[in-house]
Amino acid sequence: MKKIFYLFIIFFVGCNNSNNNQITNIHSCSPSKNKLYHNKQDIIYKYKKSLEGKILIPGGVFSMGGDSNLGWKDEFPKHEVRIDSFWMDIHEVTNSQFKAFVDSTGYVTTAEQIVNWDELKKLLPKGTPRPDSDKLAPASLVFNPSSSPIPLNDMSKWWVWKKGANWRQPEGPESSIIGKENHPVVHVSWYDAVAYCEWSGTRLPTEAEWEYASRGGLENSIYSWGNEKLDDGDAKANTWEGVFPFTNTLRDGHYYTAPVMSYSPNGYGLYDMSGNVWEWCSDWYNENYYETHDEKIVVNPKGPKVSYDSNEPYAQKRVSRGGSFLCNKSYCSGYRNSMRMKTTPDTGSMHTGFRTVMDIKTSLNNE
Ligand SMILES: [Ca+2]
Ligand SMILES: [Ca+2]
């Protein structure tokens, strides 16, 4: 099932929340080490630090949720979470890696398929007329910069539903991934990401695992590198620097995607947890999920049973994290550790990708 042009707004609504959705209580931003705990798994992996492009994220307890008044309402309340150790991809899944999957399986991504109108109309108000067949052709969302500064309240001004755009042709039929083999794959739906995981014997991270990993061992820091502002010092991530979506200063060196591992890793040795492309998580999105926790410490949360977004209450959405090359401080600051994005699982776009994780137990069974 695929969303079409007039539904893509659903995807970006989280980036467009106005400031009245932010809360004003400011939390401590002093970095400190997470509270690690040790179990048998950690002892086993004390002697093994790498696994096929993955790195061991040691289990521990951390405070999950918003770290400052930059946080949206759905990032609160901040709560204690315990995470077991797991392996995580050092970098986002690349075009080269995704091509190996497609070459091996013949998999056809969501963006390469004709839109199934019978499925799509279930997401739309009753009586919505069937679009022309042309509008149901294989397509995906492509960024379209503005020619002048514009108000940031209408995402259709900088996104187009482009026929022929998919992971092989990120900017449309005239483009390709030749020379971008080490860039993150994009235009992948949640279903595409899960299919890749099943093929590779991995899985998507839970939202809690993703945030824990992004923090890199620092507690209550705003960004994966700490609390230094994005614009200070060396470039820290591939984001949008300038007046979005008009001018881009290219201070970080990249307009669209950057090759993975172009910037310094975080404390766990993970690259591009902030920026470059959004990364799918396994969880359903529910804006009230954090409020449902009444345990002192939540253990390995796997997300809510049902999705809920009051902006689009009929749409079932999955979580993605980390922001992209289109994130800007004037807009969504999606590159913060705790920022939660939500979108329907059939939606891909030119700034959404993923990375995989593996349970310790799974990796042991593979030996
Ligand atoms: Ca950039
Ligand atoms: Ca990323």
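The values are calculated or read from the model by the stated rules, or taken from the named source; none is laboratory data. Remember, it's a predicted structure, so these values are computed and weren't measured experimentally. Here the Cβ positions follow ideal geometry from the backbone for every residue, glycine too, while neighbour counts run over all protein chains shown.
With respect to (1) under 19 Å from Phe86 (Cβ atoms); (2) not in a strand (DSSP E or B), the lone exception for Ser320 is condition (2). The listed residues are Thr343, Thr352, and the only one of them that is within 20 Å of Glu198 (Cα to Cα), buried (at least 24 other Cβ atoms within 10 Å of the Cβ) and among the β-branched types (Val, Ile, Thr) turns out to be Thr352. In summary, Ser307 fulfils each of the numbered conditions (1) small (Gly, Ala, Ser); (2) touching a helix residue (DSSP H, G or I) at 6+ places or on another chain (Cβ under 8 Å); (3) away from ligand 1 (no atom under 16 Å from the Cβ); (4) at pLDDT 95 or above with the single exception of condition (2). Annotation note: Cβ proximity below 6 Å between a residue of segment 184-196 that is at pLDDT 95 or above and a residue that is within 16 Å of ligand 1 (Cβ to nearest atom) and among the charged types (D, E, K, R) (sequence gap 6+ or interchain) occurs for Pro184/Glu92.
Once segment 271-292 is narrowed to residues that are assigned to a strand (DSSP E or B) and under 18 Å from Glu75 (Cβ atoms), the residue that is farthest from ligand 2 (Cβ to nearest atom) is Asn286.
On inspection, Thr249 does not qualify as of a type in the set (Val, Ile, Thr), closer than 30 Å to Ser140 by Cβ and in contact (Cβ under 8 Å) with a residue 12 or more places away in the chain. Can you pull out the residues in segment 311-339 that are of a type in the set (A, V, I, L, M) and either touching a Pro at 6+ places or on another chain (Cβ under 6 Å) or within 14 Å of ligand 1 (Cβ to nearest atom) (or both)? Result: Leu326, single match.
Can you spot a residue in segment 230-253 that is away from ligand 1 (no atom under 16 Å from the Cβ), crowded, with 18+ Cβ neighbours inside 10 Å and either modelled with pLDDT of 95 or more or not aliphatic (A, V, I, L, M) (or both)? No: segment 230-253 contains no residue that is away from ligand 1 (no atom under 16 Å from the Cβ), crowded, with 18+ Cβ neighbours inside 10 Å and either modelled with pLDDT of 95 or more or not aliphatic (A, V, I, L, M) (or both). If you check Ser85 against the conditions, is it surrounded by 18 or more Cβ atoms within 10 Å (Cβ to Cβ), farther than 23 Å from Pro173 by Cβ and at pLDDT below 95? So Ser85 passes the test. Residues in segment 155-172 that are surrounded by fewer than 20 Cβ atoms within 10 Å (Cβ to Cβ), of a type in the set (Phe, Trp, Tyr) and either outside any strand (DSSP E or B) or in contact with a Cys (Cβ under 9 Å, 6 or more places away or on another chain) (or both): 1 in all.
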